[in-house]
Amino acid sequence: MKRQTRREFLRTLGVLAGSAGVLSVLSHKARAGQTAAEAKARPNIIFIMTDDHAAQAMSCYGSKVNKTPNLDRIAHEGMRFTNCFCTNSICAPSRAVILTGKYSHLNGLIDNNVRFDGSQPTAPKLLQQAGYETAIIGKWHLQSDPTGFDYWNILPGQGVYYNPVMIEMGQRKKHPGYVTDILTDHVLAWLKERKGDKPFYLMFHHKAPHREWEPDPKHLALYEDQQLPEPATLFDDQAGRGRAAKEQDMTIAKTMNDKDLKLVPPDGLTPEQKAEWDAAYGPRNKAFKEANPQGKDLVRWKYQRYMKDYLRCIASVDDNVGRLLDYLDESGLARNTVVVYCSDQGFYLGDHGWFDKRFMYEESLRMPLLVRYPQEIRPGSVNDDIALNLDFAETFLDYAGVPAPADMQGRSLRPLLQGRTPPDWRTSMYYHYYEYPAVHSVKRHYGVRTQRYKLIHFYHDIDEWELYDLKNDPDEMHNIYSDPQYADVVKELKAELGRLRTQYHDTTGAPI
């Protein structure tokens, strides 16, 4: 073995900080070699992420509309976070934040139209260099090819629910069947076929339950005889908010199309799948046309149709998460594997009359986050501290024993997972959304959220502020920004917003 220089020794001890120092440590470890026992001492990490799965559609979060027994297993055997938030509530930007540990304005992916720069440092790259076997299977949605992975097998773009094409290490192949089952098949095959002499980091990304919410055949009739409860704000007229809420285009009443409502079948079905589809949806569509509802009755019908399909997609996710958890138990991997479940952001389930995400309002800001690791996390524990998708990269690196580069902007969640909150843990979070003008017409905005208050600044072709007291108005129905009683709160929150913009080096958008 090559004799270690003094400089390499100092780097190994962490005296030299930053990503350059990290890479030197990793290269030295690679040269020195790691025993199988040392590799196995570090936990495996499985990061399961769905697309647009709202916390309010999980029974461990108190759902009134569905049951998710397998997702609940992770919560019951690990920790559930009640205040995990995303920094930019839209698919591709959230994924880039998770990969890089940096806000959108620094990782370069501010909206769904930008191509991700895969040359920049990411958690998978650092884990790979530290001796982890890395893989991503499922939705990628970042336009460029994955980097930092020993194996990748991804859906092109958004992917499709039925008979999806996947790109495996650059080769395209069509797979017959339903996407959630197919992705899980690939994950289980990868876990069974890997050599097992290294710890692994696996990103397992579902398409579901993204629009157009197309269920698998075995769940087509689920909820058919039920009337799902409506959210209290289904008919919100936005009178308590400003222009931004009124000028969006994401309403159940006006925005949903025939594919969303299953008045026409998905593209690309086989004849057998088309027959199953027609048998399930044909009678429902006929009954709807004969009833011909109008006004609020039509909105109610659309809500029921949309929500039932959305929840059917989640039922398939839950089934397949169960398949994975069962395999981990049966193979003996469960004890030394960190299992994380989250969505890339929240989603509106008829709340305020909407679907989709993007706004900084609670339903799309909040992410479900469940973490299980038997060696460290107390079963059934709950954490109420403010956590962010910005923290995920550093959390994974922490569990792997890899120093985080100095320019990552989050913090490891590991202390919280161990049941202790550091005295200097954040008491506020910063949000910034950019994708306007674009689909759904949600105005650009940034803001700050504390445990009690939320201040939002809409800008670009608008200049409006909104303030919500989440204790007295949890549904955010009444903008109190101009209420004299909250003048001191506004002043304090603007100061905090300015501090966070400086801390995260964000000079984009309109000034405060």
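Throughout, read-outs are computed from the coordinates displayed, never taken from laboratory work. Please read all numbers here as calculations on a predicted model, not as lab measurements. So basically every Cβ, Gly included, is an ideal-geometry build from the backbone, and we count neighbours across all protein chains shown.
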FRET efficiency, Gln451 to Asn112 (Cβ-Cβ, R0 30 Å, nearest 0.05) = 0.50
Stokes-Einstein D in µm²/s, Kirkwood radius over Cα pairs - the range 132-183 at 10 °C with 1.306 mPa s viscosity | 142 µm²/s
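With a ≥ b ≥ c taken as the square roots of the eigenvalues of the C-alpha gyration tensor of the range 301-401, please select rounded if a/c is under 1.5 and otherwise prolate if a/b is larger than b/c or oblate if it is not?
Oblate, because a/c is 1.5 or more while a/b does not exceed b/c.
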Neighbour-limited loop hits for trypsin sites (Lys or Arg not before Pro), the range 145-201 (at most 15 other Cβ within 10 Å; DSSP other than H, G, I, E, B) | Arg194, Lys195
Say a paramagnetic label sat at a point 7 Å from the Cα of Asn257, along Cα to Cβ; which residues of the range 284-317 have their backbone N under 15 Å from it?
-> none
Length gain on complete extension for the stretch Arg243 to Val264, per 0.36 nm per residue less the alpha carbon to alpha carbon distance?
-> 4.2 nm
In the chain the DSSP beta bridges are antiparallel at a rate, in percent to nearest 5, of 55 percent
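Are there any trypsin sites (Lys or Arg not before Pro) in the range 388-469 that are in a DSSP loop and have at most 14 other Cβ atoms within 10 Å? List them by number.
Those that pass, being in a loop and sparsely packed, are Arg420, Arg452.
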Can you list, largest first and rounded to whole Å, the semi-axes you get for the range 194-263 by taking the square root of 5 times each eigenvalue of its Cα gyration tensor?
-> 36, 22, 13
Subtracting the Cα-Cα distance from 0.36 nm times the residue separation, let me have the gained length for Val165 to Thr502 in nm, one decimal.
-> 117.0 nm
Set the Förster radius R0 to 56 Å, insert the Cβ-Cβ distance between Asp488 and Lys173 as r into 1/(1 + (r/R0)^6), and round the FRET efficiency to 0.05.
-> 0.40
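Suppose R0 equals 30 Å. What FRET efficiency, 1/(1 + (r/R0)^6) with r the Cβ-Cβ distance, do His76 and Asp181 give to the nearest 0.05?
In this case the efficiency is close to 0.75.
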Charge dipole (debye, nearest 20) of the chain; +1 at Cβ of Lys and Arg, -1 at Cβ of Asp and Glu = 1620 debye
Of (i) 32.9, 122; (ii) 30.1, 99; (iii) 23.2, 83, which is the value of Rg and Dmax of the Cα atoms in Å derived from the coordinates here?
-> (iii)
Around Met203, which amide H atoms from residues at least 5 apart in sequence, or from another chain, sit under 5 Å from its own amide H, with H modelled in the peptide plane?
-> Phe47, Ala135, Ile136, Ile137
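Which shape class, rounded, prolate or oblate, goes with the range 87-172 when its Cα gyration tensor gives a ≥ b ≥ c as root eigenvalues, a/c under 1.5 marks rounded, and past that a/b bigger than b/c marks prolate? Can you show the working numbers first?
On the way: a/c = 2.12, a/b = 1.10, b/c = 1.93.
Here the range 87-172 falls in the oblate category.
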Tally Lys/Arg at +1 and Asp/Glu at -1 over every other residue whose Cβ is under 14 Å from the Cβ of Asp249; what's the total?
-> +3
Rounded to the nearest Å, what's the spacing between the alpha carbon centres of the range 259-336 and the range 435-495? Just the number, please.
-> 35 Å
Of Lys246/Lys491; Lys67/Lys443; Lys102/Lys174; Lys102/Lys308; Lys308/Lys443, which ones are farther than 32 Å apart at the Cα?
-> Lys67/Lys443; Lys102/Lys174; Lys102/Lys308
Counting other Cβ atoms within 10 Å, which trypsin sites (Lys or Arg not before Pro) in the range 89-159 have at most 11 and lie in a DSSP loop?
-> Arg115
Could you give the Stokes-Einstein D for the range 43-88 in µm² per second, using the C-alpha Kirkwood radius, 20 °C, 1.002 mPa s?
-> 179 µm²/s
So how do 464-477, 308-321 stack up, highest first, on mean other-Cβ count within 10 Å?
-> 308-321, 464-477
Inter-label distance for Arg335 and Gln375, nm, one decimal - labels placed 7 Å from Cα along Cα-to-Cβ = 1.0 nm
Consider all pairwise Cα distances in the range 256-314 and report the whole-number % of them above 13 Å.
-> 66 percent
Cβ-based net charge around Lys454, under 9 Å, with every Lys or Arg adding one and every Asp or Glu removing one | -2
